[in-house]
Amino acid sequence: MKILARMSRLISANINHLLDQAEDPEVMVKEIIRNMEESIIELRRETVKAVASQKQLQKQIQTARELIADLEEKARLVLKKNDEELARRVLAKKLHTEKTVGTLEVELKSATEIANQLKNDLAK
């Protein structure tokens with residue numbers, strides 16, 4: 001019986017020692033909460049960046065569309081003055097700007113999807 005009692009004390013001591021070495025559950029919970037708060041802060045930063053990128057792309061598209069309208073008007077005026085060479089250059093620039101708008105619109109669609117996803121993630 002002494003051997004069983006001794007083994008029981010030894011096992012109990014080892015278990016207590018292991019429990020003492022384990023992290024305090026309260027400390028672990030605080031660490032988890034801190035990590036979650038940091039993740040939320042980072043998600044907010046990324047959301048702000050995505051929305052800013054979206055707005056910047058919208059402004060670039062608007063500016064490019066205004067340029068297209070101006071170039072079209074300029075091409076008409078130049079044609080009225082019978083300067084076909086200048087009209088071709090103006091129309092070439094207009095065409096290039098229209099392609100740029102197409103590219104920007106694709107980027108805007110992607111940026112909008114990302115911003116919306118981040119907003120949804122943040123709301124959760």
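The values are calculated or read from the model by the stated rules, or taken from the named source; none is laboratory data. Since we're looking at a predicted model, the values are computed, not measured. Every residue, glycine among them, receives a Cβ derived from its backbone with ideal geometry; neighbour counts consider all protein chains shown.
If you check A52 against the conditions, is it assigned to a helix (DSSP H, G or I) and at pLDDT below 70? No, not satisfied.
What's the total number of residues in region 78-87 that are in a helix (DSSP H, G or I) and either surrounded by 13 or more Cβ atoms within 10 Å (Cβ to Cβ) or in contact with an Asp or Glu (Cβ under 9 Å, 6 or more places away or on another chain) (or both)? So the count comes out to 4. Report, ordered by the first and then the second residue, all pairs with beta carbons closer than 9 Å, sequence separation of six or more or different chains, a first member in region 59-74 that is touching a residue at least 12 places away in the same chain (Cβ under 8 Å) and over 21 Å from L108 (Cα atoms), and a second member that is of a type in the set (S, T, Y) and part of a helix (DSSP H, G or I). Pairs that qualify, where the first residue is touching a residue at least 12 places away in the same chain (Cβ under 8 Å) and over 21 Å from L108 (Cα atoms) and the partner is of a type in the set (S, T, Y) and part of a helix (DSSP H, G or I), are L71/T97.
Selection of region 45-55 for residues being under 16 Å from K109 (Cβ atoms) and surrounded by 14 or more Cβ atoms within 10 Å (Cβ to Cβ) yields A50, V51, S53, Q54. Just one of (1) free of Cβ contacts under 8 Å to residues at least 12 places away in the same chain; (2) surrounded by 12 or more Cβ atoms within 10 Å (Cβ to Cβ); (3) of a type in the set (D, E, K, R) fails for E38. It is (2). Scanning region 94-114 for residues that are without any contact (Cβ under 8 Å) to a residue 40 or more places away in the chain, under 19 Å from A50 (Cβ atoms) and among the hydrophobic types (A, V, I, L, M, F, W, C) yields one hit, V106.
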